[in-house]
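Data block below; observations after.
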Amino acid sequence: MSMGEVRYLISGDCAVCVEFGNEISPEINRKIRAFKIAVEKQGIEGIIETVPTYRSLLVVYNPEVIRFKKLTERFETIMGAMDSIQIPPPTVIEIPVLYGKEMGPDIETVAAHNGKTVEEVIKLHTSGEYLIYMLGFIAGFPYLGGMSKEIATPRLKSPRVKIEGGSVGIAGEQTGVYPVASPGGWQLIGRTPLKLYDSDREKPVLLEAGQYMKFRAVTEEEYRRIEKQVEDNTYHYVVYEKEAE
């Protein structure tokens, strides 16, 4: 895998931003994911954390263990060996969603704005696999790519004071899921019973940058069943490898 032109930007006294480009694209995201995995495989002493973003990977390190120059030299060595490092295919996680009514009070607005029926909105929203470019805003909030422009809808003019965790919304050409209750101005079209963030879970954040999400419409009965399974820690998450494009 050719990594192209890469820049190493100093971010304070204990982090470096490894920048792969100047645009939001699946190609750049693949490079970020591949480099993140490659760095983690190397087990470089002194690295504390890696944080993927739209077009870069932030690497937090301990300058008492490894210095900026030495770290970037290690990065250059990794860059040159990317073709020999095995990168597993990304996974897709299925997100069950109950669309409409009290769970998605704005779905009719989205439909009307785009000249479609509610059923067509649901069909379009569940038709693709959404790339998780990064997590941010609040813990576990996924920034997704891949939503159909046919259901793009502007944000609410006046944000809601509280949106329930699990709410699925649309804002412009983006779609996303609120992991916890918070204020927000997205058009709400449904809700998932899954907890994208749970501080009591061994791995609090459910999703990962570089992974894909697939929305699946469920009935209210199925929603309640999954909700109980999540509470009982008996729910089996549907995760599978993404097919090569």
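Consider all pairwise Cα distances in the chain and report the whole-number % of them above 27 Å.
42 percent
Running Debye on segment 153-201 with equal point scatterers at the Cα sites and no solvent, what base-10 log of I(q)/I(0) appears at q = 0.22, 0.32 Å⁻¹?
Log-scaled intensity ratios, in q order: -0.72, -1.23.
So, for the chain, what is the accessible surface per residue at a probe of 1.4 Å, expressed in square angstrom?
Solvent-accessible surface per residue comes out at 53 Å².
Enter the accessible area of Tyr237 (Å², nearest 10), with the probe set to 1.4 Å and all protein chains included.
80 Å²
Label Ser84 and Glu108 with points 7 Å out from Cα along Cα→Cβ: what is the distance between them in nm?
Distance between label points: 6.3 nm.
With charges set only on the Cβ (+1 for Lys and Arg, -1 for Asp and Glu), what does the dipole of segment 1-89 come to about its Cα centre, in debye to the nearest 20?
With Lys and Arg at +1 and Asp and Glu at -1, about 80 debye.
Need one word for segment 7-48: rounded, prolate or oblate. Basis is the Cα gyration tensor (sqrt eigenvalues a ≥ b ≥ c); a/c below 1.5 gives rounded, then a/b vs b/c decides.
In terms of gyration-tensor shape, oblate.
Across the Cα atoms of segment 57-119, what radius of gyration and what greatest pairwise Cα-Cα distance (Dmax) are found, in Å?
23.8, 60
Note down the relative contact order for segment 167-245 as a percent, whole number, built from C-alpha pairs under 8 angstrom at least six residues apart.
22 percent
To the nearest 10 square angstrom, how much accessible area does Arg201 have with a 1.4 angstrom probe?
The accessible area of Arg201 comes to roughly 60 Å².
Express in % the proportion of alpha carbon pairs of segment 88-138 at distances exceeding 13 Å.
Cα-Cα pairs in segment 88-138 separated by more than 13 Å: 68 percent.
Choose one of Val180, Tyr197, Ser148: the residue whose Cα lies farthest towards the positive end of the charge dipole of segment 105-211 (beta-carbon charges +1 Lys, Arg; -1 Asp, Glu; about the Cα centre).
Val180
To the nearest 20 debye, what charge dipole does segment 126-168 have about its Cα centre, counting +1 at the Cβ of each Lys and Arg and -1 at the Cβ of each Asp and Glu?
300 debye
Just to verify a number: what accessible area does Met79 come out at with the full protein assembly present, 1.4 Å probe, Å² rounded to tens?
About 30 Å², rounded to the nearest 10.
For segment 135-245, report the translational diffusion coefficient in µm²/s to the nearest whole number, using Stokes-Einstein at 37 °C, 0.692 mPa s, and a Kirkwood Rh over Cα pairs.
Answer, rounded: 218 µm²/s.
Name all residues of segment 148-179 having a backbone nitrogen under 15 Å from the label point set 7 Å from the Cα of Ile138 along its Cα→Cβ direction, giving them as ranges.
Answer for this model: 159-170, 176-179.
In the chain, what percent of the accessible surface is made up of carbon and sulfur (1.4 Å probe, ligands and nucleic acids excluded)?
Answer for the chain: carbon and sulfur cover 49 percent of the accessible area.
Nothing charged except the Cβ atoms of Lys and Arg (+1) and of Asp and Glu (-1): what's the magnitude of the dipole of segment 62-195 about its Cα centre? Round to the nearest 20 debye.
Charge dipole of segment 62-195: 440 debye, to the nearest 20.
Hey, if we sort His236, His113 by accessible area with the 1.4 Å probe, largest down, what's the order?
Sorted by accessible area, descending: His236, His113.
Relative contact order for the chain using alpha-carbon pairs under 8 Å, separation at least 6, rounded to a whole percent?
Relative contact order here is 20 percent.
Once you have the Kirkwood Rh of segment 72-164 from its Cα pairs, apply Stokes-Einstein at 25 °C and 0.890 mPa s and quote D in µm²/s.
146 µm²/s
How many angstrom lie between the Cα centre of segment 1-77 and the Cα centre of segment 197-241?
Result: 30 Å between the Cα centres.
The values are calculated or read from the model by the stated rules, or taken from the named source; none is laboratory data. Since this is a predicted model, take the numbers as computed values, not measurements. Don't worry about glycine lacking a Cβ; one is built from the backbone with ideal geometry, like all the others, and counts go over all protein chains shown. Quick note on the areas: whole protein, heavy atoms, side chains included, nothing else; ligands and nucleic acids left out. Shrake-Rupley method; radii C 1.70, N 1.55, O 1.52, S 1.80 Å.
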